[in-house]
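The values are calculated or read from the model by the stated rules, or taken from the named source; none is laboratory data. Keep in mind that what you see is a predicted model, and the values were worked out from it rather than measured. Cβ coordinates were reconstructed from backbone atoms using ideal geometry, including for glycine residues, and neighbour counts include every protein chain displayed.
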């Protein structure tokens, strides 16, 4: 079960994981809130999720040659 969870987290867009690291909240809690709000509002947070996924993916292309402190 842990392998499946890791695969989904790694190959999904990573929006919930990014927000969890950014705000210091568990990513599983953010996923649960996202699912609950999606059911309550009939799917409108999906648009916000896709925009955030696009933005996170675009960020990797804008800074391709930038190295982190651990790579120096």
Worksheet item: Which residues, taken from the stretch 15-27, are part of a loop (DSSP other than H, G, I, E, B) and at pLDDT below 85?
Response: none
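Residues checked against (1) touching a strand residue (DSSP E or B) at 6+ places or on another chain (Cβ under 9 Å); (2) exposed (fewer than 11 other Cβ atoms within 10 Å of the Cβ); (3) modelled with pLDDT under 80; (4) not in a helix (DSSP H, G or I):
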position: 13; (1), (2), (3), (4): no, no, yes, yes
position: 29; (1), (2), (3), (4): no, no, no, no
position: 32; (1), (2), (3), (4): no, no, no, no
position: 35; (1), (2), (3), (4): no, no, no, no
position: 43; (1), (2), (3), (4): no, yes, yes, yes
position: 47; (1), (2), (3), (4): no, yes, no, no
position: 58; (1), (2), (3), (4): no, yes, yes, no
position: 64; (1), (2), (3), (4): no, yes, yes, yes
